[in-house]
Amino acid sequence: LTAAQIHDELAAAYGQGVVSYRIVARWIERFSNERESLEDNPRSGRPIRGGGTTLI
């Protein structure tokens, strides 16, 4: 299936706006490169921390 076909099927099943065409195209690209998960790959650098309301 193409990205457009997958996007159309998702929109028909779950409604318009659930997932963008670009995201579907990105998933296809990732899985065609033998990925097995939609989780992001680990990255180096400072981890993002949330929960605080104070800005520095």
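A short reminder: the numbers here are calculations on the coordinates, not readings from a lab. No experiment lies behind these values; they were computed from the predicted model shown. Glycine gets a Cβ as well: all are built from the backbone with ideal geometry, and neighbour counts include every protein chain shown.
Compared with the alpha-carbon gap, the fully stretched path from Asp40 to Ala25 is longer by 3.8 nm at 0.36 nm per residue.
Whole-Hz Karplus values for the range 13-28 come out as 7, 10, x, 5, x, 5, 8, 7, 4, 4, 5, 4, 4, 5, 4, 4 Hz, taken residue by residue from phi with 6.51 cos²θ - 1.76 cosθ + 1.60 and θ = phi - 60°; glycine and proline positions read x.
In a DSSP loop and with at most 15 other Cβ atoms within 10 Å, the trypsin sites (Lys or Arg not before Pro) in the range 1-35 are Arg35.
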